[in-house]
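Rule-based calculations on the coordinates, nothing more; no lab input. Keep in mind that what you see is a predicted model, and the values were worked out from it rather than measured. We place every Cβ from the backbone using ideal geometry, glycine too, and count neighbours over all the protein chains shown.
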Protein chains: 2
Amino acid sequence: MTARGRVCSIANALAVIGERWSLLVLREILLGERRFDGIARNTGASRDILAARLRTLVEAGVLEKRRYEEHPPRYEYVPTEAGRALHPILLNLMEWGDRYVTDGPAPTVWRHSCGAEFHPATVCAHCGGSVTEEQMQVVRVGPVR
Amino acid sequence: MTARGRVCSIANALAVIGERWSLLVLREILLGERRFDGIARNTGASRDILAARLRTLVEAGVLEKRRYEEHPPRYEYVPTEAGRALHPILLNLMEWGDRYVTDGPAPTVWRHSCGAEFHPATVCAHCGGSVTEEQMQVVRVGPVR
DNA sequence: CGTGCAAAGTTGGATTTCACAACCCACTCG
DNA sequence: CGAGTGGGTTGTGAAATCCAACTTTGCACG
């Protein structure tokens with residue numbers, strides 16, 4: 001894991017999903033593309049790097065490699081619970097990119113079951129209240145090693 | 001920049017904040033550490049890489065470099081609106097790391113103004129409803145280049 | 001039978017990025 | 001005057017990434 005710096009779950013999370021291409025692989029898988037060639041084409045990652053990323057994501061328990069055909073052996077990558085739990089992070093990242101990076105209209109649009117075009121909001125899970133800096137207070141912070 | 005793969009705001013966002021150390025730099029800045037040496041110490045990034053990251057984050061409009069002393073010239077890095085908008089993403093990433101990567105108790109703990117220990121939830125900004133896979137539907141998706 | 005195609009990777013070599021330590025400069029403090 | 005501090009830059013070697021080509025297992029045609 002991270003040798004130096006602050007002990008922190010953000011750093012730990014990035015050790016798993018912070019390498020180049022990892023989150024784009026997850027994006028494709030959560031969009032429903034579960035095969036090696038399709039993920040390679042849709043992300044633009046080179047095939048050797050993609051193979052390495054898929055291996056580490058499987059080892060980390062974010063994806064599961066499943067054989068969907070016996071002859072010839074063919075595999076697909078499906079998200080585990082940990083992988084599905086990344087969906088909110090990807091949606092927030094997409095929203096931030098739409099707002100502050102992408103020029104023009106949003107390339108990808110979702111609709112929520114309420115009928116509205118979907119935009120994510122992050123709230124307090126306990127009270128449902130919004131998350132501004134004034135409302136947040138650090139109780140404890142990891143030590144720096 | 002080589003724009004292969006799907007046209008997507010997640011990819012665009014990662015082009016800005018997806019390089020190694022970028023999000024840990026943002027973490028420190030949002031925790032209140034705004035000086036070069038402090039950020040270097042608390043993240044563990046080497047000083048040359050840190051200088052490069054701070055430059056690209058300033059160029060991208062995520063941070064602002066401000067002189068806080070004239071003689072000798074000393075600088076601090078403060079988040080712009082775009083930088084502050086990354087706070088929800090970091091909190092979600094921390095939550096995911098706490099749950100699926102970090103062993104033992106959470107290294108960093110926040111309290112919300114409602115009094116409860118803070119945990120983030122991502123909801124639909126329009127209706128406040130939760131975000132499960134069944135409730136989400138893709139309306140449009142960026143093309144693959 | 002031989003050719004072509006597809007999926008899921010490996011392999012080899014060039015290029016780019018990263019890590020680490022050392023160094024620099026302008027100033028302040030004792 | 002010498003040491004210390006903040007904010008970096010430079011040089012060198014190690015590691016990661018990119019790219020194209022190749023491999024393997026099987027099926028489908030003509």
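In this structure, is A:Pro88 farther than 20 Å from B:Leu30 by Cα, facing chain B (nearest Cβ under 7 Å), in contact with an Asp or Glu (Cβ under 6 Å, 6 or more places away or on another chain) and not β-branched (Val, Ile, Thr)?
Against the criterion (farther than 20 Å from B:Leu30 by Cα, facing chain B (nearest Cβ under 7 Å), in contact with an Asp or Glu (Cβ under 6 Å, 6 or more places away or on another chain) and not β-branched (Val, Ile, Thr)), A:Pro88 does not qualify.
Given the conditions (1) touching a Leu at 6+ places or on another chain (Cβ under 9 Å); (2) away from DNA strand C (no atom under 13 Å from the Cβ); (3) among the basic types (Lys, Arg), which single one is not true for B:Arg66?
If we test B:Arg66 against (1) touching a Leu at 6+ places or on another chain (Cβ under 9 Å); (2) away from DNA strand C (no atom under 13 Å from the Cβ); (3) among the basic types (Lys, Arg), just (1) comes out false.
Which numbered condition in (1) over 16 Å from B:Met136 (Cα atoms); (2) facing chain B (nearest Cβ under 10 Å) is the only one that A:Ser113 fails?
(1)
Anything in region A:1-24 that is of a type in the set (Val, Ile, Thr) and in contact with a helix residue (DSSP H, G or I) (Cβ under 8 Å, 6 or more places away or on another chain)? List them, or say none.
Residues satisfying the conditions are A:Thr2, A:Ile10, A:Val16, A:Ile17.
Collect the residues in region A:112-134 that are crowded, with 16+ Cβ neighbours inside 10 Å and in contact with a strand residue (DSSP E or B) (Cβ under 7 Å, 6 or more places away or on another chain), keeping them in residue-number order.
Scanning region A:112-134 gives A:His112, A:Phe118, A:Pro120, A:Ala121, A:Thr122, A:Val123, A:Cys124, A:Ala125, A:Val131.
Quick one: is B:Glu19 within 16 Å of DNA strand C (Cβ to nearest atom) and part of a loop (DSSP other than H, G, I, E, B)?
Judged against the criteria, B:Glu19 is a match.
Just checking, how many residues over region A:27-59 are within 13 Å of another protein chain (Cβ to nearest Cβ), within 15 Å of DNA strand D (Cβ to nearest atom) and closer than 15 Å to A:Ala82 by Cα?
3
Conditions (1) of a type in the set (D, E, K, R); (2) free of Cβ contacts under 8 Å to residues at least 24 places away in the same chain; (3) surrounded by fewer than 20 Cβ atoms within 10 Å (Cβ to Cβ), marked per residue:
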| site | (1), (2), (3) |
| --- | --- |
| B:Val7 | no, no, yes |
| B:Ala15 | no, yes, yes |
| B:Ser22 | no, no, no |
| B:Gly61 | no, yes, yes |
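Kindly indicate whether B:Tyr75 is surrounded by 17 or more Cβ atoms within 10 Å (Cβ to Cβ) and farther than 26 Å from A:Pro107 by Cβ.
Here the answer is no, as B:Tyr75 does not meet what is asked.
Among all residue pairs at least 6 apart or on different chains, which show Cβ distances below 7 Å where the first residue, located in region B:120-137, is at the interface with another protein chain (Cβ under 7 Å from one of its Cβ atoms) and the second is part of a strand (DSSP E or B) and charged (D, E, K, R)?
Listed pairs, sorted by first residue: B:Gln137/A:Arg111.
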